[in-house]
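The values are calculated or read from the model by the stated rules, or taken from the named source; none is laboratory data. Everything quoted here is computed from the prediction, not taken from an experiment. Using ideal geometry, Cβ is built from the backbone for each residue, glycine included, and neighbour counts are taken over all protein chains shown.
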């Protein structure tokens, strides 16, 4: 599968393979819907049609094809980490969201004239 990191790969640049290794199909789909909305109809249909037999490589190919069709592949590759952080900060159960709220509270507290 695509979850094993190769030792000789460069970790500096995000590539499609890096994205596949970082997220499973459903996490990637949730990130895409969070960032771009519900424009991935072929991907949603492929996920819905998977009954019993699940081939993540096939769905990754559909996602990549649909991103290329919508001219969003380069944007996702360039901003992958940023989009992940945005999604995590929007999730009230994620630690990044709680940290952001705490930082905002502390910034407002510092501005109070007591």
Worksheet entry | Test: residue in region 62-70 that is touching a residue at least 24 places away in the same chain (Cβ under 8 Å), more than 12 Å from the chain's Cα centre (by Cα) and closer than 20 Å to residue 90 by Cβ | no
Practice prompt. Answer yes if at least one residue in region 55-65 is part of a loop (DSSP other than H, G, I, E, B) and over 20 Å from residue 17 (Cβ atoms), and no otherwise.
Written response: no
Discussion item. Considering only residues that are free of Cβ contacts under 8 Å to residues at least 24 places away in the same chain, under 17 Å from residue 79 (Cβ atoms) and part of a helix (DSSP H, G or I), which ones fall in region 25-47?
Written reply: 27, 33
Worksheet item: Can we say residue 42 is surrounded by fewer than 16 Cβ atoms within 10 Å (Cβ to Cβ), in contact with a helix residue (DSSP H, G or I) (Cβ under 7 Å, 6 or more places away or on another chain) and at pLDDT below 85?
Response: yes
